[in-house]
Amino acid sequence: MRTDPYPGTLPAREHLPAAWAGTPVLDVVVPVFNEEKDLRPCVRRLHEHLTRTFPYAFRITIADNASTDGTPLVAADLARRIEEVRSVRLERKGRGRALRTVWSASDAPVLAYMDVDLSTDLNALLPLVAPLISGHSDLAVGSRLSRGSRVVRGARREFISRGYNLILRGSLQARFSDAQCGFKAIRRDVAQVLLPLVEDGGWFFDTELLVLAERAGLRIHEVPVDWVDDPDSTVHIVRTATEDLKGVWRVGRALATGALPLDRLARPFGDDPRDRDLADVPRGLARQLVGFCAVGAVSTVCYLLLYSAFRAVTGPQPANLLALLVSAVANTAANRRLTFRVRGRGGMVRHQAQGLVVLAIGLALTSGSLAALNMASSDPAHSTELAVLVAANLAATVLRFLLFRAWVFPDRGPARAADTVSRTGGTPSRATSVRGATAPAPGSSAPAPGPSPASPTAPSPGQAASWTTSDADPAPRAPRTPQPEKPVTPPPAPARPQLPARPARQPDHDPRTTR
């Protein structure tokens with residue numbers, strides 16, 4: 001699992017401006033492998049639909065995954081004939097590898113992809129990307145398993161799809177309904193910090209991307225789609241399912257051990273009015289109380305069972321000490337992970353040491369209660385001892401929660417955010433996402449414009465670009481050095497510029513086909 005450095009927390013979501021000059025707003029990637037027969041009608045149909053219905057400038061990128069047939073020639077011909085089409089050649093196979101390569105190099109603020117067979121009805125494309133353009137969501141996925149979806153496919157594929165999603169829900173606690181539908185979109189600013197975390201380069205790429213985004217608290221929008229199965233699909237179901245199960249195990253293990261710094265992907269408070277701080281209302285108190293009570297109930301049961309087991313071989317005070325020590329260590333670890341959402345191993349020893357101090361306070365309460373009971377009765381019944389311990393533990397539990405919240409796991413708010421920024425090399429100023437880059441707040445420094453040195457140069461308007469890369473897994477972009485820049489007053493949004501007249505198309509002898 002990747003542990004490279006990242007640019008830091010994401011900026012607040014912003015609605016993309018209505019007028020966008022020069023750069024396409026949407027970049028639709030069509031990954032292909034040996035699709036010389038279906039590629040031309042697919043791209044022409046997609047281009048016609050976007051030209052007719054999409055209100056922003058767009059681009060269609062054909063990502064050739066090391067095809068061995070005539071697919072590269074067809075892709076190059078389409079890029080030459082159609083202004084908004086470009087082709088990219090990769091020398092290694094893998095849908096996830098192709099998407100990572102093209103998305104990392106794209107300059108469009110909204111990135112999408114769809115399968116070449118166009119099994120998904122294109123009328124769902126605008127509803128898919130609209131929440132990303134408006135700033136409402138971070139990712140958007142088409143779902144064949146939503147109630148509003150209409151799907152035509154065989155029983156075998158239906159069973160495999162539903163079974164796979166049940167596995168994701170049971171093992172990774174995924175809440176999205178369809179992981180493998182080839183119809184997804186993501187904001188570019190989200191992709192820049194999320195893609196370095198995704199390790200898979202094949203079919204599991206989609207699932208890993210969605211699971212990590214969901215665990216990081218990003219907003220995923222689901223769109224019901226109409227979907228017709230392609231009978232000529234070349235996907236090897238058994239091999240793909242095996243690789244997916246291996247990916248589920250790998251991601252689940254990384255999440256369980258806290259190996260992924262998902263807190264760095266959190267959106268800042270303030271882009272939603274409900275996220276603003278309210279006076280005298282502690283943030284997350286209700287959720288922490290519920291989690292603490294659940295952990296405390298399980299811990300108390302374990303403590304009583306341990307006390308009963310130790311009591312059979314020793315006196316009440318040693319049995320109480322041993323049972324409280326074992327249950328307190330487990331209680332601190334569970335509250336650290338579940339109640340207060342602390343990830344990773346940093347500070348674990350300190351938290352356990354502070355937990356032992358809290359244990360000493362609980363030990364004083366419970367031991368004092370037992371001592372008082374023994375003074376009142378020379379031979380108290382075992383049930384009476386348990387009742388006294390339960391009452392003493394309730395009092396210790398209230399005190400333990402207050403100490404955990406205020407001392408062991410305090411919510412430092414801005415201080416914690418500043419610490420995260422300092423570890424990632426960013427700046428604590430609030431930023432907004434414009435054109436897929438980061439626009440700083442007044443008074444902060446802005447990164448110098450221009451393409452990344454590691455990325456291919458984006459095509460200029462009216463120029464179809466074709467470039468080749470063998471870099472299957474590009475390294476994440478290093479944070480740019482802030483450069484001072486004079487504040488510029490943005491001009492009023494002009495009307496959408498008219499595209500230059502397209503050159504006369506050469507006659508195409510391949511008939512347009514629709515599904």
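The values are calculated or read from the model by the stated rules, or taken from the named source; none is laboratory data. Everything numeric here is computed off the predicted structure, so don't read it as measured data. Don't worry about glycine lacking a Cβ; one is built from the backbone with ideal geometry, like all the others, and counts go over all protein chains shown. Heads up: the accessible areas ignore ligands, DNA and RNA and are worked out on the full protein's heavy atoms, side chains in. Shrake-Rupley method; radii C 1.70, N 1.55, O 1.52, S 1.80 Å.
Below, the figures for the structure above:
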{"item": "Cα gyration tensor category, rounded, prolate or oblate, for the stretch 61-137 with a/c compared to 1.5", "result": "prolate"}
{"item": "The stretch 24-83, accessible surface, carbon-and-sulfur percent (1.4 angstrom probe)", "result": "54 percent"}
{"item": "Whole-percent carbon and sulfur share, accessible surface of the stretch 185-230, 1.4 Å", "result": "49 percent"}
{"item": "Phi to ³J(HN,Hα) by Karplus 6.51 cos²θ - 1.76 cosθ + 1.60 over the stretch 306-314, Hz, x for Gly, Pro", "result": "5, 4, 5, 5, 5, 5, 6, 10, 8"}
{"item": "Cut-off under 5 Å, modelled amide H: who pairs with Gly347 long-range", "result": "none"}
{"item": "Residues Leu166 and Val349, FRET efficiency given R0 of 56 Å [Cβ-Cβ distance, rounded to 0.05]", "result": "0.90"}
{"item": "Low-density loop cleavage sites - GluC sites (Glu not before Pro) in the stretch 34-69, where at most 15 other Cβ are within 10 Å (DSSP)", "result": "Glu36"}
{"item": "The stretch 290-389: trypsin sites (Lys or Arg not before Pro) in DSSP coil with no more than 11 other Cβ atoms inside 10 Å", "result": "Arg345"}
{"item": "In order through the stretch 378-395: 3J(HN,Hα) via Karplus (6.51 cos²θ - 1.76 cosθ + 1.60), integer Hz, x for Gly, Pro", "result": "6, 9, x, 5, 5, 5, 5, 4, 5, 5, 5, 5, 4, 5, 5, 5, 4, 5"}
{"item": "Accessible surface of the stretch 118-168 [probe 1.4 Å, protein heavy atoms]: carbon and sulfur percent", "result": "60 percent"}
{"item": "For the stretch 284-344, accessible area per residue (1.4 Å probe, heavy atoms of protein chains only), Å²", "result": "49 Å²"}
{"item": "Nitroxide proxy distance, nm - points 7 Å out along Cα→Cβ at Ala330 and Glu14", "result": "5.1 nm"}
{"item": "Accessible area in square angstrom per residue, the stretch 93-134, 1.4 angstrom probe", "result": "21 Å²"}
